[in-house]
């Protein structure tokens with residue numbers, strides 16, 4: 001998977017954490033059997049920036065931990081006819097994730113686990129949203145949270 005990571009935080013994340021998140025999301029992509037040419041971005045921000053995004057796109061005027069913006073296809077366009085080889089070469093863009101590093105630290109402390117665990121949890125949670133999973137209905141929540149645990153545990157990022 002082609003993963004672009006941007007760090008717009010004031011303190012800048014350590015390279016070890018950036019690598020851990022990248023490796024974890026690559027692992028998650030393999031677990032979901034995503035094609036190699038799938039792409040997405042992840043941007044780390046502080047609370048003021050994620051609060052602005054949350055207000056602008058969700059009409060919620062407070063900071064949150066993670067925002068997922070799935071790339072959506074417009075269904076009213078005329079389809080482009082291509083042979084299967086050309087179609088296979090076009091990258092699938094999942095969308096963009098934003099994670100508040102301030103919320104990562106707050107929630108890790110509150111929950112009593114490591115910052116790495118919280119960071120990984122939020123990255124996988126947002127990643128699954130980009131792949132169409134949600135937790136609005138109990139059955140969907142059970143499915144998503146089970147997969148989330150399996151990915152985190154399989155990667156070795158347990159509570």
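Since every read-out is calculated from the coordinates, none of them should be taken as a lab result. The shown structure was predicted, so the numbers you read here are calculated from the model rather than taken from an experiment.
Which residue, 67, 147, 32, tops the fluctuation ranking in a GNM of the chain built on C-alpha contacts under 10 Å?
32
Any chance you could give the angle, 0 to 90 degrees and rounded to 10, that helix 138-155 forms with the longest Cα principal axis of the chain?
For 138-155 against the chain, the angle is about 80 degrees.
Mind checking which of 58, 117, 149 has the largest fluctuation in a GNM of the chain, springs on alpha carbons under 10 Å?
Largest GNM mean-square fluctuation: 58.
Rounding to the nearest 10 and keeping the result within 0 to 90°, find how far the Cα-based axis of helix 47-58 lies from the longest principal axis of the chain.
The angle comes out at about 40 degrees.
Determine the calculated [θ] at 222 nm for the chain from helices alone, applying -39500 (n - 2.57) to every DSSP H run no shorter than 4 residues and normalising by the residue count; nearest 500 deg cm²/dmol.
-16000 deg cm²/dmol
Semi-axes, largest first, in whole Å: what does sqrt of 5 times each Cα gyration tensor eigenvalue give for region 2-155? If you can, show how the numbers build up before the last one.
Details: eigenvalues 147, 68, 56 Å².
In descending order, the three semi-axes are 27, 18, 17 Å.
So what's the Cα pair-distance distribution over region 78-159, bin width 10 Å, in %?
16, 34, 29, 14, 6, 1
Relative to the first principal axis of the alpha-carbon coordinates of the chain, what is the inclination of helix 115-130, with its axis defined by its Cα atoms, in degrees from 0 to 90 and to the nearest 10?
30 degrees
With a Cα-only, solvent-free Debye model of region 1-64, what are the log10 I(q)/I(0) values at q = 0.25, 0.30 Å⁻¹?
Values, matching the q order: -0.99, -1.13.
Among 11, 63, 29, whose mean-square fluctuation peaks in a Gaussian network model of the chain (Cα, cutoff 10 Å)?
Among 11, 63, 29, the largest GNM mean-square fluctuation belongs to 11.
Out of the DSSP beta bridges found with both residues in the chain, what percent are antiparallel (nearest 5)?
The answer is about 25 percent antiparallel.
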